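Read-outs: derived from the displayed coordinates by stated rules, not from any lab. On a predicted model such as this, the values are computed, not experimentally measured, just so you know. Here the Cβ is made from the backbone with ideal geometry for all residues, glycine too, and neighbour counts use every protein chain on show.
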Amino acid sequence: MKEKTALVTGSSRGIGRSIALNLAQRGFKVAINYYNGGNDAGEHLEQAQEVLQEVQTMGAEGIIIGADVSVAESATALVDQTIEKWGRLDVLVNNAAINQDQLLLRVSDDLWDLILKTNLYSAFYCSRTAVRYMIKKRYGRIINISSVVGLAGNIGQTCYAASKSGLLGLTCSIAKEYGARGVTANIIAPGFIESDMTRQLPAEVSARMIAQIPAGRLGKADDVANLVCFLATPEASYINGQTIRIDGGMSI
Amino acid sequence: MSVFETVKEIIVEVKDIAAEDIKLESNFEADLEADSLDIVEMIMLLEEKFDFEIPEDAAEAMKTVKDVVDYIEKRLADDNT
């Protein structure tokens with residue numbers, strides 16, 4: 001187990017950060033990826049460095065790789081650099097995503113492109129590169145972080161929902177194409193997870209959200225990360241092409 | 001090692017069949033039971049081994065082991081001239 005390696009896209013903060021830390025805790029070497037484009041690149045790098053420090057404090061190994069996963073060359077280089085560093089890639093977690101709420105009537109072409117490229121194209125680019133390597137090793141785990149919104153849609157989230165449900169077809173096809181090569185691909189669809197975004201919501205909005213959740217609380221990033229960690233293991237080899245909701249029972 | 005021997009080795013790696021069952025005239029689908037993914041994987045390994053890219057249309061035209069060997073020998077000869 002010690003030598004297994006994982007790449008988590010968008011892992012400088014949020015759910016990705018939690019996934020990287022939990023994988024490290026279970027003995028994975030982790031590649032921490034942050035978005036190195038835009039005006040906040042410096043801040044994202046600092047956050048990635050904090051994640052790396054925590055990883056190292058656990059006695060695990062990590063590296064930081066900046067990339068813009070919405071761009072083919074950059075996403076490909078990210079996967080290649082991880083493989084170059086450790087000579088292997090066992091687990092790819094496509095987690096990087098952005099959201100910008102807007103009613104369909106007001107969605108610009110640019111916004112649609114931006115969200116689809118960041119959330120969906122990125123998973124395609126990274127998976128394409130990773131699979132090439134994984135099938136040779138006859139082992140690989142691709143875990144795509146979708147959302148319950150990708151399964152049900154949501155007001156103001158046409159782009160986000162489309163990108164997240166696009167992952168479904170991508171994942172199932174990878175599962176079918178490479179299942180015979182020891183590579184599995186699965187989807188995790190989180191519900192309402194505590195985050196910077198949900199913390200900013202007015203109290204009555206949170207209360208209304210929680211009222212729909214049998215668990216009676218919002219989820220934690222660790223709730224998602226724990227499942228990633230299991231899907232990442234050899235023991236999960238017979239779970240393939242599945243979508244697993246982590247939503248406290250909200251969708252039942 | 002001859003090109004045929006190298007190709008044989010790669011087919012064995014991908015398909016896990018006995019080397020002696022692989023003949024020059026073996027058809028990938030009919031004789032070696034290779035599916036499209038097996039063939040893509042074989043092409044990938046050949047590209048790495050010989051350090052050149054095999055274009056999609058050339059790959060699609062490869063039906064038998066001989067097709068592959070001929071193609072590679074031709075590419076190697078072209079590179080040397």
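Looking only at Cα atoms, what is the convex hull volume of chain B per residue, in Å³? Provide the component values of the computation, followed by the final result.
Working: hull volume 6.9 nm³, N = 81.
Taking only Cα atoms, chain B has a hull volume of 85 Å³ per residue.
Multiplying the residue separation of A:Leu103 and A:Ser237 by 0.36 nm and removing their Cα-Cα distance gives an extension gain of 44.2 nm. The slack between A:Ser173 and A:Val71, meaning 0.36 nm per residue of separation minus the straight C-alpha distance, is 34.5 nm.
What residue among A:Val131, A:Val91, A:Val69 shows peak mean-square fluctuation when chain A is described by a Gaussian network model with Cα springs under 10 Å? So, out of A:Val131, A:Val91, A:Val69, the one fluctuating most is A:Val131.
Coordinate range of the alpha-carbon atoms in the protein assembly as shown per principal axis, descending: 74, 45, 39 Å.
Count the DSSP beta bridges whose two residues both fall in the protein assembly as shown, then state the antiparallel fraction as a percent rounded to the nearest 5. Walk me through the numbers before you get to the answer.
Values: 1 of 30 bridges.
The antiparallel fraction comes to roughly 5 percent.
How well do other chains shield peptide A:155-167, expressed as the mean number of their Cβ atoms within 10 Å of each residue Cβ? Write out the running numbers ahead of the final one.
Working: counts 0, 0, 0, 0, 0, 0, 0, 0, 0, 0, 0, 0, 0.
Taking all residues of A:155-167 together, the mean is 0.
Measure nothing fancy, just the Cα-based angle from helix A:41-57's long axis to the longest principal axis of chain A, in degrees from 0 to 90, nearest 10. Result, in degrees: 60. The GluC sites (Glu not before Pro) of the range B:1-75 that DSSP puts in a loop, and whose beta carbon has at most 12 other beta carbons within 10 Å, are B:Glu25, B:Glu33, B:Glu53.
What is the ratio of the Cα radius of gyration of the range A:84-227 to 2.2 N^0.38 Å, where N is its residue count, to two decimals? Present the calculation step by step, with values, prior to reporting the outcome.
Details: Rg = 16.9 Å, N = 144, 2.2 N^0.38 = 14.5 Å.
For the range A:84-227, the normalised Cα radius of gyration is 1.16.
Quick check on packing: order A:230-241, A:148-159, A:71-82 by the mean number of other C-beta atoms within 10 Å, highest mean leading. Show your work: numbers first, answer last.
Numbers: A:230-241: 15.1, A:148-159: 17.6, A:71-82: 19.1.
Going by the mean number of other Cβ atoms within 10 Å, highest first, we get A:71-82, A:148-159, A:230-241.
Restricting to lysine pairs 8 or more places apart or on different chains, what number in the range B:3-80 have Cα atoms under 13 Å apart? Don't skip to the answer; put the middle values down first.
On the way: B:Lys8/B:Lys23; B:Lys8/B:Lys49; B:Lys8/B:Lys66; B:Lys23/B:Lys63; B:Lys23/B:Lys66; B:Lys66/B:Lys74.
Taking the range B:3-80 as the scope, the lysine pair count is 6.
The count of lysine pairs in the range A:5-246 that are at least 8 places apart or cross chains, and whose C-alpha atoms lie under 22 Å apart, stands at 10.
Loop-located chymotrypsin sites (Phe, Trp or Tyr not before Pro) in the range B:2-81 (DSSP state other than H, G, I, E, B) with a sparse environment of at most 16 neighbouring Cβ atoms within 10 Å: B:Phe52.
The distance separating the Cα centre of the range B:44-79 from that of the range A:201-252 comes to 48 Å.
Listing A:Ser251, A:Ser12 from the residue with the fewest other Cβ atoms within 10 Å to the one with the most, what is the order? Walk me through the numbers before you get to the answer.
Numbers: A:Ser251 14, A:Ser12 26.
Least crowded to most crowded, the residues run A:Ser251, A:Ser12.
Of the peptides A:192-199, A:133-140, A:103-110, the order by per-residue mean of other Cβ atoms within 10 Å, starting with the highest, comes out as A:133-140, A:192-199, A:103-110.
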